[in-house]
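Engineer: Below you'll find the structure I mean.
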Amino acid sequence: MRALTKSQYFFKLHPLMVPAGWKVKENHLYQKPIRDPRHTLFILENESCGQMVQVEYAGELKYVIRMLNADQTLVSEDSDAPYEQLVDRLEDMIRASGGARNLLRLRIPAGWTVVHHSLTDTNPDELAPDSKAWLSDFKRDLLKLRHDEKRLLLDVEWYPECSPAGHYALKLIKNGNWNSPLEDMLCIHPKELAYEINAVLKKTCEHQYVEETGA
C-alpha cells in the first residue's frame, strides 16, 4: 500500500464525536475502509481514570471495539462490528462513560486531547432571537483541544456569550502565548467553522507550525 501524505491522512480520517477528557493516542480510522497492515486502528485514553477505548481490525470488514480499565482488564467489548455501523457503535461505547449526544463530529489526529467540547452544529442563522438554544449551544467556551508534545492549544469561543449578535472566535495558541496566536479568525456559520478547524488541524499534521516557529 502506498504511504499516505500528511494531508491525505488527515482528510481520510472519519469525523468522530469525542467528549472532553479523552486523548487520541492513535487514529487510523478512515471514512472508507482501506487496506492497512495495522491491527489496532484507533486508541482513546481517558486522562482522569486511565480507561482506554480501542478499535481493532478483525478482517473481512469486521471490527472489534473494546473498553479497558487502566490495568488492561476488559470493561466491555463489541465484536464483529460491520464497517457501516462502526462509528455509531464506537461513539456509543465512548458515551457510556459520560458525554453529550449532539456534539459536532471532528477529525482529530493522534496526539490531541479534548479538554472541553460543547460545540454543536446548530446554525445560528436559523435561530430566533429568543430561542433557548442561545443559552445551551452558544456559551463562551465551546471547544479546547490540547497537543502537549507540540505545545499547542486550539480554542473556540462564541462571543459575546449567548448573544444572537455574536460570532465564533478560533485561536491557535503556542506555549500559552495568548498575546500572539498562530491563528486568529472569526466566523458565524458552523460549516465555515468546521472548515477552519480542519484547516488548522491539517497544518499541525504537516508540522507547519513547528517549522514556522522553529520549535
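Engineer: Full extension from residue 95 to residue 165: what is 0.36 nm times the residue separation minus their Cα-Cα distance, to one decimal in nm?
Structural biologist: Full-extension gain reported as 21.9 nm.
Engineer: Taking amide H atoms as placed 1.01 Å from N in the peptide plane, list the residues 5 or more away in sequence, or in a different chain, whose amide H sits under 5 Å from that of residue 106.
Structural biologist: When sequence neighbours closer than 5 places are left aside, the close amide H contacts are 16, 17, 18.
Engineer: May I ask you to derive the FRET efficiency for residue 192 and residue 149 from their Cβ-Cβ distance with R0 = 35 Å, giving the value to the nearest 0.05?
Structural biologist: With a Förster radius of 35 Å, E is 0.75.
Engineer: Quick one: net charge of residue 69's neighbours, Cβ under 15 Å, K/R +1, D/E -1?
Structural biologist: -3
Engineer: Report the rotationally averaged projected area of segment 118-213 based on its alpha-carbon convex hull, in square nanometres.
Structural biologist: 6.0
Engineer: Once amide H atoms are built 1.01 Å from N in the peptide plane, which residues 5 or more positions from residue 75, or in another chain, come under 5 Å H to H?
Structural biologist: 67, 68, 69
Engineer: Sort 185-196, 18-29 by packing, meaning the average of other beta carbons within 10 Å per residue, with the highest value first.
Structural biologist: Descending mean neighbour count gives 18-29, 185-196.
Engineer: Related question: When we measure straight from the Cα of residue 171, which lysines land under 29 angstrom away, once same-chain ones fewer than 8 places off are left out?
Structural biologist: By straight Cα distance, residue 171 reaches 6, 12, 23, 25, 132, 139, 144, 150, 191, 202, 203.
Engineer: Do the sum for the chain: with -39,500 (n - 2.57) for every DSSP H run of n ≥ 4, divided by all residues, what is the mean residue ellipticity at 222 nm, to the nearest 500 deg cm²/dmol?
Structural biologist: -6500 deg cm²/dmol
Engineer: Right, next: Which whole-number percent is the relative contact order of segment 6-95 (Cα, under 8 Å, 6+ apart)?
Structural biologist: Computed value for segment 6-95: 20 percent relative contact order.
Engineer: Starting from the Cα-Cα distance between residue 127 and residue 11, subtract it from 0.36 nm times their residue separation and give me the gain in nm to one decimal.
Structural biologist: Extra length from residue 127 to residue 11 when fully extended: 38.7 nm.
Engineer: Considering the alpha-carbon set of segment 6-95 alone, what are its Rg and its Dmax in angstrom?
Structural biologist: In order Rg, Dmax, the Cα atoms of segment 6-95 give 12.6, 36 Å.
Engineer: Here's a follow-up. Starting from 0 in steps of 5 Å, tell me what percent of the Cα-Cα pairs of the chain lands in each bin.
Structural biologist: Result returned by the calculation: 1, 6, 14, 18, 18, 16, 13, 8, 4, 1, 0.
Engineer: Mind checking the angle between helix 190-205 and the chain's longest principal axis? C-alpha axes, 0 to 90 degrees, to the nearest 10.
Structural biologist: Roughly 60 degrees between the two axes.
Quick note: the coordinates plus some simple rules give every number you see, no bench work behind them. Since we're looking at a predicted model, the values are computed, not measured. Methodologically, a virtual Cβ is constructed for each residue, glycine included, from the backbone with ideal geometry; neighbour enumeration extends over all protein chains shown.
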